[in-house]
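Contents: one structure, followed by commentary.
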C-alpha cells in the first residue's frame, strides 16, 4: 500500500510495534512533523530513510507533493512527533485525499494518549468522547462547553500547560465542580495522574505545570432539580447572598454556578 499512517511512541521509545518498524524501514519517504524529533526515533532503531516535514503550518502546501508520489506508487509513511497521526496531528487531509483518489491506505494501531488517560482517570470508560484541544477564542470555547455540559458520558480534552488554568475555570463555571483527572506525561519518566474535583485539580496548578496533558471529566449525572432549587430558595430567603448561596449549592450538588445564579436571579 502506498500510504501508511504510523503511530510512534508518546514517551517511551519501546512503545512501538514490530509492524510499525517494518513499515518505516520499507517506506520510500517518511513525512513527519519535525525531522529532528523523528530522527531520534529512527536512529534508535537504525532506520535510514528520506524525511520530509509535514506539519500543521505546511500540510496544505505539501499535499500535492505527497499525492504525486503516491500516484507514482511510492510508499509514504506519515508519522507525528508522538502518537497516532491524523487526529490532533497532521495526516488526515492527506489520508482523505488519498481515499478520494482511490489510493490504497492503511492506518496502523498503536500509541495514543487518549485511551491510557481515560483508563488512568478511573472514570467510566464507556462511553467517552474525545474533543481534542479546546478552542482558543473564549466565546467559541464557552459555546463548546455549553454544548457538552449535559452529556452523560466521560469527556476527554488535550490541554496546553499555559492555558489549562483558565480553561478549567471555564469548565467549572459551566459544568460545575465535577470529578476529573489530569493525566500528565503518559509513558514518560514523570507520568502522573492528578485525581479529584476540578477545583482541587485547579488548586494544584497554582505553581504551574509542564508536559503533555490530558484532562478527563466525568459526564453529567442525574440531578434532582427540584431538590436543589428548593434548598437554594430556602438558603437565599434566610439572608445569604447570591454568591454564598451559589457556592453552597454548587459544592453540594455539583451543579454549574452559572445555572444556580440564573435560577436565583430569575
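Six or more apart or on different chains, Cβ under 7 Å: which pairs go from a residue in region 5-28 that's modelled with pLDDT under 95 to one that's outside any loop (DSSP other than H, G, I, E, B) and exposed (fewer than 13 other Cβ atoms within 10 Å of the Cβ)? Could you list them?
13/44
I'd like to verify a number: residues in region 64-82 that are more than 19 Å from residue 42 (Cα to Cα) and crowded, with 16+ Cβ neighbours inside 10 Å, how many?
Narrowing region 64-82 to residues more than 19 Å from residue 42 (Cα to Cα): 64-74.
Now restrict to residues that are crowded, with 16+ Cβ neighbours inside 10 Å: 66-67, 69-70.
The number of residues fulfilling the criteria is 4.
Can you confirm whether residue 85 is surrounded by fewer than 15 Cβ atoms within 10 Å (Cβ to Cβ), touching a strand residue (DSSP E or B) at 6+ places or on another chain (Cβ under 7 Å) and not assigned by TED's automatic domain parsing to the domain that holds residue 133? Steps first, answer last, please.
Working: surrounded by fewer than 15 Cβ atoms within 10 Å (Cβ to Cβ): no; touching a strand residue (DSSP E or B) at 6+ places or on another chain (Cβ under 7 Å): yes; not assigned by TED's automatic domain parsing to the domain that holds residue 133: yes.
Criteria not met by residue 85.
Return the pair list, or none, for Cβ contacts closer than 6 Å from residues in region 41-61 that are assigned by TED's automatic domain parsing to the domain that holds residue 15 to residues that are in a helix (DSSP H, G or I) and modelled with pLDDT of 90 or more, at least 6 apart or on different chains.
From region 41-61, the pairs are 45/21; 47/24; 47/25; 51/35; 53/35; 54/62; 59/93.
Taking residue 101 as the residue in question, decide whether it is more than 17 Å from residue 7 (Cα to Cα) and touching a residue at least 24 places away in the same chain (Cβ under 8 Å).
Here the answer is yes, as residue 101 does meet what is asked.
Looking only at region 161-192, count every residue that is farther than 28 Å from residue 9 by Cα and in a strand (DSSP E or B) and tell me the total. Before you say what the answer is, go through the steps one by one.
Going through region 161-192, the residues farther than 28 Å from residue 9 by Cα turn out to be 166, 169-179.
This time we only want the ones that are in a strand (DSSP E or B), so: 179.
Matching residues across region 161-192 total 1.
Hey, any hits in region 193-201 for a residue that's within 21 Å of residue 10 (Cβ to Cβ) and either over 18 Å from the mean Cα position of the chain (by Cα) or in a helix (DSSP H, G or I) (or both)? Don't jump to the end; show me each part of the working.
So in region 193-201, the residues within 21 Å of residue 10 (Cβ to Cβ) come out as 193-195.
Subset that is either over 18 Å from the mean Cα position of the chain (by Cα) or in a helix (DSSP H, G or I) (or both): none.
No, because not a single residue in region 193-201 is within 21 Å of residue 10 (Cβ to Cβ) and either over 18 Å from the mean Cα position of the chain (by Cα) or in a helix (DSSP H, G or I) (or both).
Please pick out the residue among 234, 261, 243 that is at pLDDT 85 or above, in a helix (DSSP H, G or I), over 35 Å from the mean Cα position of the chain (by Cα) and not assigned by TED's automatic domain parsing to the domain that holds residue 123.
Values: 261 fails: over 35 Å from the mean Cα position of the chain (by Cα); 243 fails: over 35 Å from the mean Cα position of the chain (by Cα).
Only one candidate qualifies: 234.
In region 209-221, which residue that is in a loop (DSSP other than H, G, I, E, B) and under 26 Å from residue 250 (Cα atoms) is farthest from the chain's Cα centre (by Cα)? Lay out the reasoning, then the answer.
Within region 209-221, the first condition is being in a loop (DSSP other than H, G, I, E, B), and the residues that meet it are 209-212, 218-221.
Add one more test, that the residue is under 26 Å from residue 250 (Cα atoms), and what stays is 218-221.
On the way: 218: 15, 219: 16, 220: 19, 221: 22 Å.
So the residue we want is 221.
Which residues, counting only those in region 104-131, are touching a strand residue (DSSP E or B) at 6+ places or on another chain (Cβ under 6 Å) and part of a loop (DSSP other than H, G, I, E, B)?
Here is the first cut: in region 104-131, the residues touching a strand residue (DSSP E or B) at 6+ places or on another chain (Cβ under 6 Å) are 105-107, 111-114, 117-118, 120-121, 123-124, 128-131.
111, 112, 113, 123, 124, 131, listed by residue number.
Conditions first: (1) surrounded by 15 or more Cβ atoms within 10 Å (Cβ to Cβ); (2) in a helix (DSSP H, G or I); (3) at pLDDT 95 or above. Residue 158 passes all but one, so which condition is the exception?
Single failed check for residue 158: (2).
Kindly establish whether residue 118 is at negative phi, assigned by TED's automatic domain parsing to the domain that holds residue 213 and surrounded by 20 or more Cβ atoms within 10 Å (Cβ to Cβ). Step through it out loud before you land on a result.
Details: at negative phi: yes; assigned by TED's automatic domain parsing to the domain that holds residue 213: yes; surrounded by 20 or more Cβ atoms within 10 Å (Cβ to Cβ): yes.
In short, yes.
Looking at region 124-146, is at least one residue touching a residue at least 60 places away in the same chain (Cβ under 8 Å), more than 15 Å from the chain's Cα centre (by Cα) and surrounded by fewer than 21 Cβ atoms within 10 Å (Cβ to Cβ)?
Yes, that holds for at least one residue.
The values are calculated or read from the model by the stated rules, or taken from the named source; none is laboratory data. Owing to the predicted nature of the structure, the values given are computational and were not obtained by experimental measurement. Counting neighbours? That spans all protein chains shown, and the Cβs are built from the backbone with ideal geometry, glycine included.
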